[in-house]
1. Roughly what would the spin-label model give for residue C:283 and residue D:283, points 7 Å off Cα along C-beta, in nm?
2. Mean shadow of the range C:285-372, computed from the convex hull of its alpha carbons, in nm²?
3. Using a probe radius of 1.4 Å on heavy atoms only, what accessible surface per residue do you get for the range B:1-151? Whole Å² is fine.
4. Where the only charges are on Cβ atoms (+1 Lys, Arg; -1 Asp, Glu), what is the dipole of the range D:155-310 about its Cα centre, to the nearest 20 debye?
5. Taking the label point as lying 7 angstrom from Cα along the Cα-to-Cβ axis, what are the distances from residue C:163 to the corresponding position in the remaining copies, in ascending order and in nanometres?
6. If packing is taken as the average number of other Cβ atoms within 10 Å across a peptide's residues, how do D:42-48, A:365-371 rank, most packed first?
7. Where does each of A:130-143, D:54-67 land if you order them by average Cβ count within 10 Å, highest first?
8. Grab the eigenvalues of the alpha-carbon gyration tensor for the range B:1-127, scale each by 5, take roots, and send me the semi-axes largest first in whole angstrom.
Protein chains: 4
Amino acid sequence: MSVNTFGRLLRFTTWGESHGPAIGAVVDGCPPGLAIDESVIQPFLDARRPGQSKFTTQRQEPDQVRILSGVFEGKTTGTPISLMIENVDQRSKDYSDVAKAYRPGHADYAYDAKYGFRDYRGGGRSSARETASRVAAGGVARLVIPEVTIQAWVSEIGGDAINGSVRRQLIETVAGYNKLTDGSPWPTMQENPFFCPDPEAAKRWEKIVDDARLAGSSVGAVVECVATGVPAGWGAPLYGKLDADLAAAMMGINAVKGVEIGDGFAAARLTGEQNADPMHPGANGPEFSANHAGGIAGGIATGQPVVVRVAFKPTSSILTPQPTITREGEATELFTKGRHDPCVGIRGVPVVEAMMALVLADHKLLHRGQCG
Amino acid sequence: MSVNTFGRLLRFTTWGESHGPAIGAVVDGCPPGLAIDESVIQPFLDARRPGQSKFTTQRQEPDQVRILSGVFEGKTTGTPISLMIENVDQRSKDYSDVAKAYRPGHADYAYDAKYGFRDYRGGGRSSARETASRVAAGGVARLVIPEVTIQAWVSEIGGDAINGSVRRQLIETVAGYNKLTDGSPWPTMQENPFFCPDPEAAKRWEKIVDDARLAGSSVGAVVECVATGVPAGWGAPLYGKLDADLAAAMMGINAVKGVEIGDGFAAARLTGEQNADPMHPGANGPEFSANHAGGIAGGIATGQPVVVRVAFKPTSSILTPQPTITREGEATELFTKGRHDPCVGIRGVPVVEAMMALVLADHKLLHRGQCG
Amino acid sequence: MSVNTFGRLLRFTTWGESHGPAIGAVVDGCPPGLAIDESVIQPFLDARRPGQSKFTTQRQEPDQVRILSGVFEGKTTGTPISLMIENVDQRSKDYSDVAKAYRPGHADYAYDAKYGFRDYRGGGRSSARETASRVAAGGVARLVIPEVTIQAWVSEIGGDAINGSVRRQLIETVAGYNKLTDGSPWPTMQENPFFCPDPEAAKRWEKIVDDARLAGSSVGAVVECVATGVPAGWGAPLYGKLDADLAAAMMGINAVKGVEIGDGFAAARLTGEQNADPMHPGANGPEFSANHAGGIAGGIATGQPVVVRVAFKPTSSILTPQPTITREGEATELFTKGRHDPCVGIRGVPVVEAMMALVLADHKLLHRGQCG
Amino acid sequence: MSVNTFGRLLRFTTWGESHGPAIGAVVDGCPPGLAIDESVIQPFLDARRPGQSKFTTQRQEPDQVRILSGVFEGKTTGTPISLMIENVDQRSKDYSDVAKAYRPGHADYAYDAKYGFRDYRGGGRSSARETASRVAAGGVARLVIPEVTIQAWVSEIGGDAINGSVRRQLIETVAGYNKLTDGSPWPTMQENPFFCPDPEAAKRWEKIVDDARLAGSSVGAVVECVATGVPAGWGAPLYGKLDADLAAAMMGINAVKGVEIGDGFAAARLTGEQNADPMHPGANGPEFSANHAGGIAGGIATGQPVVVRVAFKPTSSILTPQPTITREGEATELFTKGRHDPCVGIRGVPVVEAMMALVLADHKLLHRGQCG
């Protein structure tokens, strides 16, 4: 399997660097006959687009996606869909610092250790800019799973979490147990630049993120994502488990350091009785009284909402100089000049949703392939 | 990619059910010329073997592994290594309860939803018994990476964690920063049935686990694993990232609900300064002043210890009856008779180590393939 | 992808050497609910089994297949099906000759060059004995494609071909254009030990093969295979083309040196007009006036019979000593003692059929996955 | 594995249709540090470029390749290399005929049967135009295997073969047994538009191809390809065999219907003695007295020249109307207007070379990964 390819039947391959002419994704294995054009994908890119508030990087990228293949007369043909996004705002700057020494917390040293060589302009291939390609691919994946609603939000910034009852209400109302929503996002999420469903928390986060920004510092975040409408049966034990694939999908996003399904680490502190998800007959089939499992058992969807939590570390780019070494191994100090996100987790929300869509769409096809 | 196959260049495929005649793994892609026989693999299986204390299931399985292919004159030949473990203690019991209704928290309902059909004897394919195959395969993988030392331990049971300073000392001493150990395990881990490095915690856990056992209940656990000696450069961005592959490997283990690399979710609560891993020149190459990243940046090993934390939910098999439904959708109650682990995380330790070995061995070959 | 694994959704992994304790295959991705037991697979192994006439090797192997997993209550469960065949007749003999020097025409030298090491007993992994595993896996694959009838035959031995009109009649009658047969094999094929549909040719081949056998020599063969009932649409351009997958499947069989689809090399000598396959409306959908293409266009099945021709070289094991070199690079001579097939292509018939079934079953699932 | 992706470690994914804005390939897994820019790849595209003589299609495409990623400061970085070729000469024409009915011999009907839908402009995805992407990817692959020399030629057109002694001399001189050449192509091949090494045949072919062109007809061809310098040991039994991968690579090229390795079908007419490739000690290691096997035994390279023969059917686009059916299943007639190659095999030469390079480069990395 290609290391820059993700998925089994619905697969995407991404290419491109932060400061090259363009980035892109090739989506292969898409079912034919789905209605698509650029306008279907663009809104997801717009949600991820930088420079929309003072809480994200000021790099100005229109992130206009072009479909170069795989679509004819407004429908997918079943052949590879090539998506391209031009890099526009590649500010010409002096990269001699980062060319010579390794930015701590970044992948600079690791890339050099692996390849003996790296494109140091803006992080090259390791830049979070690549996630735009995933979001574009995710826009295609969503077409494959119209039965599924995906909603992510920031649930914690700098250790400050949203209100627990808002969170529960959100999961229960928007996502519901075995109940499909109409797909409209939680209203308050549209009213703040944090994808935050709790207006009180959103206010507090303004100060937290702005303080970090002004101090040249950064903060971490936790993103939650719920997918409802996933039919029981998607998933593929034992090494194509739905939760394992989601774990890989999320852990592979830039700056992610932890992934939980359902109760995650909290489940390790429960007893078997507390963690049980009892079943009972419901109006439209089996229902569950709880969802500690996050909608997945034995690697297979149970029909409950699929719940994932993702931890983003604070942005490694900070203004405080850090000890590091040069390519020749000499001691030096480095701080990150230039534009960056004070909290990279915020713009992670559309990326997490995209990866959720891509994993689910792949498993829909995989399940259909084996089980008809 | 096969859904019961894991890995890219060093790959293993497992087969077998809890109550079939045998289980096994086929390991493909192993380098030739490595010294091997059953005695090299058996100790890892013995560590995972059930029935060794009252804190694990009383099913008695010798778990004797046989090598059926891929080895000649005591060395690997480069061809597939077929490993087989016979199922011996398949107690003939009455399965009519679990045949008719779904055990809550188990994969019964999900398997039926997927396949329309399931082997209900002891959980069939979804039984944790399959992990013996992974441990056997992991024994082969370790031969591929003699430069790496892998050590896992239980760091928390039922919410009761080991002493923080013991934990730090363990990581620093056994694993070390850029310092290889002689491979001997932390002494106290051998003196208790919990793979617990903290003797005080081990004492407390005796009561916690025994209470759960006597009450027919269960408790969760957190397992940590450190791999030292991993050279900077292993890993493969962007969809074959070392941390993403580890996340999939660990999340795919039975009962696992969360995975962290390095500081994991705690990193989401740090500032950029607190989370920095500054570098400086060392006697034998670059050294790091901290390892919040858990040894991986941009999906590539940095040369620091690779640190993973894994959350195991409490065993779903408990004696308290739980509401559930029959295959026909009628309400009923079910409790799990028979033998089970009161804390499935304990025997997860050798499994976590095996998956770590399998991921690292695969990435060693993958790196050598691309970068020479 | 594992190098000892074939297929995408229906995949099989084989293991085992000529003189190890057993050989086997793990079939993954099989749809659930298919009726199966050993008796369904055994007839295909019996057809391939050695020692049934003087025209094949005298090694006596019962080739009894055991199903070790993936089946419950007589049906496939959707989990890996482990198939094992014990090696029974591993005559203890002196291997010092082949241990020291390379048998010309065999893979001995190549294996040593690759692995620095080889299991020299009976060819080890490179022995045609492995094809029994393919045949067993093919038995499972046939269950996945009940709509398809597969029939192979030997069409040429030692340059002596079957009667052209018999061949045409065979393809038209047994296979038919867009007409399914009842699956019964061409009668005369059961009446001779050559899978030969032409009784006149069968008589001539008796002498050809027996002469070769008595002279310690060997002859080559051409095997043809037709699959009818393949629905238009199976196949997957551009690098999962049905014909490309068939080419790989057939070329990977021991001793195969050429593969043709439809008219194959003869098509290179036709004009566009001669090679055309015009279409016209038929009673049950489109019909074709010819099938030069062998049922595949653009890598996708057209609904016509899929026709493949496979060239088997003469067995490399001959009694005439051949110049060769020792492992140390010294000149020596070697001839092959022991039991061998004077015409390895004969027993290739069930293997070719098995590979056809495995490719088609995989593509059925792949098509269903993408196109529903 | 993606169906539009080829390879294991060095992999390429192609995208694009005949009449879309562009076509392209993403090459993943390339080793870092190889010197590259567009000028390294362009000559191979120029060799395949249409419109260079009256014997190929008159479509005028400059086929200028652009590298969009994966290269920095003139060297490969180890990240995906995105190659794009714009479609320039998409003549606006009336496609209503081919939109309504299926061109016989083309993939029109099969695409519709599969996807329910097709891009009918110029064949869409099934157009041989896609092979430009392969040739571009092959240009990258060649950089990975500097030790290998690859040379293809047309050995037969319309049943008229090159002189046998020229062919033997060519294989022996240019390719040599175990002797590397300096890479210069056989001189006469540059002096005719057929990649023909035999000046006499080239003269005869002028008439054959021109006659076909003037008659609105077409002829088939056989292309041969030899790779020298392939080290013994490349290849990977049993389902990643070098010859099986070559068979898939070649059979997947548009219009190819047959593939032979070494003597191919002719080997089926030899005795074991005639087909033997005896070995003897040579000045620089083992040498072979013959190469019936085409440089591959047991799926592994022997160090001899790798010899492949590929049959191209006559172009399906001819001016003689052929019976066919409409999308609604009504009888009609269709002939192919517009520009086409009277002998598609001629421009297949650079494509065959590219696929040879891609397979060999992949196996070099695969071998290095497993065997060091």
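1. 7.2
2. Quarter of the Cα hull surface area: 10.6 nm².
3. Counting only protein heavy atoms, the per-residue value for the range B:1-151 is 29 Å².
4. Dipole about the Cα centre, nearest 20: 180 debye.
5. Sorted ascending, the copy-to-copy spacings read 4.4, 9.1, 9.3 nm.
6. Top to bottom by mean Cβ count within 10 Å: A:365-371, D:42-48.
7. The packing order, highest mean first, is A:130-143, D:54-67.
8. Listed largest to smallest, the semi-axes of the range B:1-127 are 31, 19, 11 Å.
The values are calculated or read from the model by the stated rules, or taken from the named source; none is laboratory data. All of these numbers come straight from a predicted model, not from anything done at the bench. Neighbour counts run over all protein chains shown; Cβ positions are idealised from the backbone, glycine included. These accessible areas exclude ligands, DNA and RNA; they are computed on the full protein's heavy atoms, side chains included. Shrake-Rupley method; radii C 1.70, N 1.55, O 1.52, S 1.80 Å.
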